[in-house]
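Here the structure comes first, spelled out in structure tokens, and everything after it is commentary.
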Amino acid sequence: MSNAFALAIGVGTKNSKGEWLEVFYSQPLLNPADSLIEATKSAFGYDGGNQTIEADGGDLSAFADALAELDATQAGLARACIESEQPVVITVLETDTQSTSTPEVYLKLHLLSHRLVKPHGINLAGMFGLLPNVAWTNQGAIDLAELPAAQLDARLNGALLSVNSVDKFPRMTDYVVPAGVRIADTSRVRLGAYIGEGTTIMHEGFVNFNAGTEGVSMVEGRISAGVVVGNGSDLGGGCSTMGTLSGGGNIIISVGESCLIGANAGIGIPLGDRCTVEAGLYITSGTKILVLDDQKNVVETVKGRDLAGKSDLLFRRDSISGAVQCVTNKSAIQLNEELHAHN
């Protein structure tokens with residue numbers, strides 16, 4: 001296995017000041033072979049560490065020749081970039097440390113969306129300060145300060161410059177379309193989302209970066225940054241589970257297999273397998289919950305955090321008292337033992 005973390009050949013966009021706006025990596029590599037790193041050293045003078053190296057046609061030709069017998073796909077990509085009118089960058093990440101440039105951040109977002117790493121499996125600390133706010137248009141990324149001139153130029157040439165969004169993140173499908181997925185509205189999935197094979201994202205579904213699904217899932221609501229959904233789950237409209245990305249340790253909000261989160265419901269705690277949250281109910285770590293056994297008798301009152309990660313739970317609200325309840329398929333004795341063991 002390679003000692004390097006990642007390597008990729010990218011084609012990007014800069015503003016008039018020469019600052020990177022975005023980078024497209026069609027074939028990023030995780031743990032590239034040592035021979036590819038040696039080829040990078042030979043062609044570009046790479047001397048270790050995390051680096052972004054801008055490449056011209058001559059360097060790329062030498063790189064393609066060096067790669068020819070090592071990796072045909074990467075060699076073909078390097079050769080295709082020789083005549084590029086857009087800037088080409090070779091990004092090498094020796095280690096998965098905090099990014100220091102826009103091309104580095106884009107490589108990490110690509111690694112997620114290419115399913116090469118899973119959410120919470122990569123260091124994204126400090127990324128927001130390295131991502132410029134960009135006008136994403138039908139003609140590509142445009143610096144906001146340069147947008148009025150670009151709009152006028154388009155009109156003068158009888159064209160329309162359509163601004164699809166103004167954001168730090170582009171839509172994922174402009175960079176990668178993972179195999180075996182359905183996405184009804186591509187604008188609602190950001191680059192850096194991890195979309196497992198067999199996932200369907202309906203029109204109102206939304207998936208943020210560093211979040212997503214592990215496999216077969218139906219997404220009709222929101223999967224926020226920090227949330228990982230297991231196989232066979234159904235997220236109804238308005239699911240707004242939320243995690244944090246602080247450098248002091250991530251809080252991972254995971255959803256197990258075969259879960260159902262109803263319309264306008266949400267969670268602030270992880271769910272185990274086969275859990276259901278009824279429509280309109282939001283469960284946080286501090287929510288007071290009446291725990292009912294398999295006979296529907298109240299066993300104990302706990303907070304949401306005490307039920308985090310447990311399986312086979314139904315969360316509902318009593319229609320008369322308004323109290324939040326958790327119904328299980330376990331006896332009072334089993335529940336008491338589990339809850340007190342947890343505490």
(message) Any residue at all in the range 147-163 that's under 28 Å from Tyr194 (Cα atoms) and modelled with pLDDT of 95 or more?
(response) yes
(message) Can you tell me how many residues within the range 273-305 are part of a helix (DSSP H, G or I) and either small (Gly, Ala, Ser) or more than 20 Å from Leu260 (Cα to Cα) (or both)?
(response) 1
(request) Scan the range 1-34 for residues that are of a type in the set (Gly, Ala, Ser), closer than 19 Å to Ala78 by Cβ and not in a strand (DSSP E or B) and jot them down. (result) Ser2, Ala4, Ser26, Ala33
(message) Going through Ser254, Ser246, Ser258 one at a time, which residue ends up being modelled with pLDDT of 65 or more, of a type in the set (S, T, N, Q) and assigned to a loop (DSSP other than H, G, I, E, B)?
(response) Ser258
(request) Could you tell me whether Ser61 is under 23 Å from Glu146 (Cα atoms) and either at pLDDT 95 or above or in contact with a helix residue (DSSP H, G or I) (Cβ under 8 Å, 6 or more places away or on another chain) (or both)? (result) no
(message) Quick test of your reading of the structure: Glu214 fulfils all but one of (1) touching a strand residue (DSSP E or B) at 6+ places or on another chain (Cβ under 6 Å); (2) crowded, with 22+ Cβ neighbours inside 10 Å; (3) more than 30 Å from Lys17 (Cα to Cα). Name the failing condition by number.
(response) (1)
(message) Criterion first (in contact (Cβ under 8 Å) with a residue 24 or more places away in the chain, buried (at least 22 other Cβ atoms within 10 Å of the Cβ) and out of contact with any helix residue (DSSP H, G or I) (no Cβ under 6 Å at 6 or more places or on another chain)) does Leu67 satisfy it?
(response) no
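Take residues that are of a type in the set (D, E, K, R) and tell me which of the strands (runs of 3 or more DSSP E) falling wholly in the range 156-236 contain 1 or more. Break it down stepwise before answering.
Numbers: elements: 163-167, 199-201, 217-219, 227-229, 233-235.
Filter on the range 156-236 gives 163-167, 233-235.
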(message) On the basis of being modelled with pLDDT under 85 and surrounded by fewer than 24 Cβ atoms within 10 Å (Cβ to Cβ), does Gly180 make the cut?
(response) no
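The values are calculated or read from the model by the stated rules, or taken from the named source; none is laboratory data. Please read these numbers as outputs of a predicted model, since none were measured by experiment. Backbone-built Cβ (ideal geometry, glycine too); neighbour counts: all protein chains shown.
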